[in-house]
Amino acid sequence: MAEFQYKMIGPDGKAKKGHISAKSKEAAVASLKAEKNTVTYIEEVNGLKKGINLSFGAKVKPRDFSIFCHQFVSIVSAGVTIVDAFAMLQEQTSNKALQNAVRSVHSDISKGDTLANSMRRQNGVFPDMLCNMVEAGEASGSLDKSFSRMAIQFEKDAKLESAVKKALIYPIVLIVVMIGVVFAMMTFVIPKFMGMFDEIGGELPAITKALIAVSDFFVGYWWLIIIVAFAIAIGYKLFYGTEKGKYIVDKIKLKIPALGPVQTKSACARLGRTLCTLLGAGVPMIDALDITSRSMDNVHYKIAMKEAKDQVTRGVTLSRPLKTCNLFPPMVIHMVSIGEETGNIEAMLENVANYYEEDVQNATESMMALMEPAIIIVMAGLVGFLVLAMLSPMFSLYENLA
């Protein structure tokens, strides 16, 4: 699948732009025209453009969508029409990107368009999962239930995202502080000790010579260090923006002792919650698997879910491709298999989601328990090296005087 950026004129006469994934340029144009849009410009986004694409807009987070869905259910439950509900939601939504999208949706549904189609036109602001749930709710006459389910879904997603971020914040802060302290010591503090070393005279210890050499490099080439650091960061972003790069990096993430289990448990929780929500709303299994594959963060789980979708389309049970991909734990496979045999797969998927959502919390706490002492030990080693290197000449002087 390639990604294309486009500009078009919508059926309402408004100019719009955004991104779309498709197998080819022709398929992307056909998909846009199917919704009665007039495509004025379309171009494939290569790895370089994807890598350096920086968005400074107000991103809509799962927590924002959760609040939005809860508000919609509350308003509609009070007997307010959908059109009036979206008019009210314009004023209650704080996220600018979501507020603009809600305003456009309100304009479209006021003209008689369906809510699902109106939401799909908003340049990807509303997730595919939400749009499909809304479409299923409109068809079954249970739109409030669809939004209620999605409110829970987004709330769970927000908790998962928050748990992982919380586990990473403290180690990242420690690493940044450690790098800052080392840079300051090598650039400003150590050079001030040079004169003292010269006054001591004699042969300096090897550890002190090594420290002086490193300090001289920092002082003389600090600009090169900064350039190299930025080059590595940009190079990683560009590499990860390519299909091959994402495949390699995500494979490494699954192999890292502390991070790998978190990625696996998070994917299992996402699989269970997303499929359960979609199937419960009446979305067909094939469409549900397609949406689930796009919701996965790790590309290997995306590939696995796409393969599962293809096999289920051919009549294979879902548990078989989940087993053959060797990415999901046996518990997930057994639970899905039992659900298929008993005809109660939604309940089994919900059990999977509940179990692994809680397990992600435990896994992130375990990751923090491993990372924190490791970083502290590294920091202690660096500080010990600096102290020993600076005090070694003084110890040598005292020994000579004695």
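The values are calculated or read from the model by the stated rules, or taken from the named source; none is laboratory data. Predicted model, so just to flag it, every value in this text is computed and none were measured. Cβ coordinates were reconstructed from backbone atoms using ideal geometry, including for glycine residues, and neighbour counts include every protein chain displayed. The area values use the complete protein model at the heavy-atom level, side chains included, leaving out ligands, DNA and RNA. Shrake-Rupley method; radii C 1.70, N 1.55, O 1.52, S 1.80 Å.
Cβ separations smaller than 6 Å between residues 6+ apart or across chains give the following pairs from region 148-162 residues that are under 17 Å from Cys131 (Cα atoms) and in a helix (DSSP H, G or I) to residues that are at pLDDT 85 or above and open to solvent by 60 Å² or more (accessible area, probe 1.4 Å): Ala151/His70. Listed by position, the helices (runs of 4 or more DSSP H) enclosed by region 242-307 that each have at least 2 residues that are under 30 Å from Ser142 (Cα atoms) and free of Cβ contacts under 8 Å to residues at least 24 places away in the same chain are 285-295.
The condition of being farther than 29 Å from Thr242 by Cα, open to solvent by less than 50 Å² (accessible area, probe 1.4 Å), out of contact with any Lys or Arg (no Cβ under 6 Å at 6 or more places or on another chain) and small (Gly, Ala, Ser) holds for only one of Ser77, Ser118, Ser94, that being Ser118. For region 134-145, the condition holds for at least one residue, the condition being that it is at positive phi and open to solvent by 30 Å² or more (accessible area, probe 1.4 Å). Apart from one condition, Asn37 fits all of (1) within 13 Å of Arg120 (Cα to Cα); (2) at pLDDT below 75; (3) open to solvent by less than 30 Å² (accessible area, probe 1.4 Å); the exception is (2).
The residues listed here are Ile226, Ile252; of these, the one that is open to solvent by 40 Å² or more (accessible area, probe 1.4 Å), of a type outside the set (Ser, Thr, Tyr) and under 30 Å from Leu391 (Cα atoms) is Ile226.
Residues considered: Ala184, Ala231, Ala210, Ala258. Of these, the only one that is open to solvent by 50 Å² or more (accessible area, probe 1.4 Å) and either aliphatic (A, V, I, L, M) or in contact with a Lys or Arg (Cβ under 7 Å, 6 or more places away or on another chain) (or both) is Ala231. Applying a threshold of 9 Å to beta carbon distances and a minimum spacing of six or more residues, or different chains, the list of pairs starting in region 341-368 at a residue that is more than 18 Å from Asp157 (Cβ to Cβ) and ending at one that is among the aromatic types (Phe, Trp, Tyr) and open to solvent by 70 Å² or more (accessible area, probe 1.4 Å) reads Met368/Tyr170.
Before we move on, is Asp310 in contact with a Ser or Thr (Cβ under 9 Å, 6 or more places away or on another chain), open to solvent by 60 Å² or more (accessible area, probe 1.4 Å) and either touching a residue at least 24 places away in the same chain (Cβ under 8 Å) or closer than 30 Å to Glu138 by Cα (or both)? No.
If you check Val177, Val219 for being under 30 Å from Met371 (Cβ atoms) and either in contact with a strand residue (DSSP E or B) (Cβ under 8 Å, 6 or more places away or on another chain) or not acidic (Asp, Glu) (or both), only one passes: Val177.
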